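The values are calculated or read from the model by the stated rules, or taken from the named source; none is laboratory data. Since the model is a prediction, treat every value here as computed from it, not as a measurement. Here the Cβ positions follow ideal geometry from the backbone for every residue, glycine too, while neighbour counts run over all protein chains shown.
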Amino acid sequence: MFQYTNNGKFLTTEQRQFYEDNGYLIIPKLVDSDLLDNCRSRFLEVCNSGLSTVDIMVMKEQSLKHKNLKGEYLVNKIQNLLNDKVFFTYTCYNPLVDVVESIIGSNITCCISMVINKPPGAEQHSMHQDYYYFPFGPVNSIVGVWTAMDVCNVENGCLYVFPGSHKNNLLPHENGKNTTNVGYYEIVNYNEVHPHHLLMEPGDTVFLHPLVVHGSGPNLTTNFRKAISSFYLENNCDFIDYKRKHQEEMEKVMFEAYKTKHSQLKNYLDAWRIRSKLIRGFPGAYQRYLSQL
Ligand SMILES: O=C(O)CCC(=O)C(=O)O
């Protein structure tokens, strides 16, 4: 009867059914405000004072680059936070990982972590399916988690989703039509026109199936819109699909980006290895595959 979730004690049957039907689930006030405050301060430290670590990748809002802005006004994402002890308090936060367990099971690896900042004037994040970015599967063994750090509404570019779209296959994506940001792929010619906007308060957390079609609008306000996010996979996920055509481009971009900071990287999958961390349970095929590199 359930296809997209796992037997577990952390979701009610209604919550589980909601995720099954819609491909997403919001848990209000899931993440503690002190934890989010610490992550906010750490974000500001990283992007405003030019603090650079080997791991953290800092990305800038392309549409604002010509405006001579700095720090928080220009940085739209910091990524690869798993080796940072402040950000890791989010990734391993028990109430959050408990829900992940109820979706993908008790063997859990985090493969990406990021803070997403929408400065005033930032452009949209076009509609996409997260699975497009992943060279591993199966798809139901992956879940995205996104926590609002600020009030998120239509004006400041909240997330929107197309409920139930996770029941479709992966749709064709293209690069760079509606966004200037590097590495963003988007679905073009999508038939559905009525997205559901996720209006969220700080601490509210949405769990997203990797095939659910979603995006976020531009920030039309004078305030920031921040969120913290991690992706989790079941430890037995494998690189089943990694030579899909579009992955070759991503492979090149990602490998180049990481090679500059990690000279020991030999190939693209190495980049996944350095970004991943076992969170719960026993190592599986994912760990074994990466350890053979
Ligand atoms: O935070 C946002 O604006 C969009 C995030 C998103 O869609 C993603 O990371 O897949």
Query - Any chance N153 is in contact with a Phe, Trp or Tyr (Cβ under 7 Å, 6 or more places away or on another chain) and either crowded, with 18+ Cβ neighbours inside 10 Å or at pLDDT 95 or above (or both) - result: no
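Per-residue answers, yes or no, for (1) in a loop (DSSP other than H, G, I, E, B); (2) at pLDDT below 95; (3) surrounded by fewer than 22 Cβ atoms within 10 Å (Cβ to Cβ):
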| site | (1), (2), (3) |
| --- | --- |
| Y90 | no, no, no |
| V115 | no, no, no |
| A122 | yes, yes, no |
| T180 | yes, yes, yes |
Q. In this structure, is F18 touching a Lys or Arg at 6+ places or on another chain (Cβ under 7 Å) and either touching a residue at least 60 places away in the same chain (Cβ under 8 Å) or over 14 Å from V86 (Cβ atoms) (or both)?
A. no
If you go through G121, G183, the only one that is in contact with a helix residue (DSSP H, G or I) (Cβ under 9 Å, 6 or more places away or on another chain), within 12 Å of the ligand (Cβ to nearest atom) and either farther than 12 Å from S230 by Cβ or of a type in the set (A, V, I, L, M, F, W, C) (or both) is G183
When every residue in segment 202-245 that is among the hydroxyl-bearing types (S, T, Y) and part of a loop (DSSP other than H, G, I, E, B) is compared, the one nearest to the ligand (Cβ to nearest atom) is T221
Expected output for segment 200-217 (first residue over 22 Å from D34 (Cβ atoms) and polar (S, T, N, Q), partner part of a loop (DSSP other than H, G, I, E, B) and within 9 Å of the ligand (Cβ to nearest atom), Cβ below 8 Å, 6+ apart or cross-chain) is S216/Q124; S216/G157; S216/C158
In the set N80, N76, the lone residue that is over 22 Å from C152 (Cα atoms), surrounded by 15 or more Cβ atoms within 10 Å (Cβ to Cβ) and touching an Asp or Glu at 6+ places or on another chain (Cβ under 7 Å) is N80
Looking at T12, is it free of Cβ contacts under 8 Å to residues at least 40 places away in the same chain and over 22 Å from N156 (Cα atoms)? yes
Residue set D34, D55; condition surrounded by fewer than 19 Cβ atoms within 10 Å (Cβ to Cβ) and free of Cβ contacts under 8 Å to residues at least 60 places away in the same chain; output residue D34
Would you be able to say whether some residue in segment 255-269 is without any contact (Cβ under 8 Å) to a residue 40 or more places away in the chain, among the aliphatic types (A, V, I, L, M) and more than 16 Å from the ligand (Cβ to nearest atom)? yes
Going through segment 128-157 in order, the residues found to be within 9 Å of the ligand (Cβ to nearest atom) and assigned to a strand (DSSP E or B) are H128, G144, W146, C152
Determine whether V188 is surrounded by fewer than 17 Cβ atoms within 10 Å (Cβ to Cβ) and in contact with a strand residue (DSSP E or B) (Cβ under 9 Å, 6 or more places away or on another chain). yes
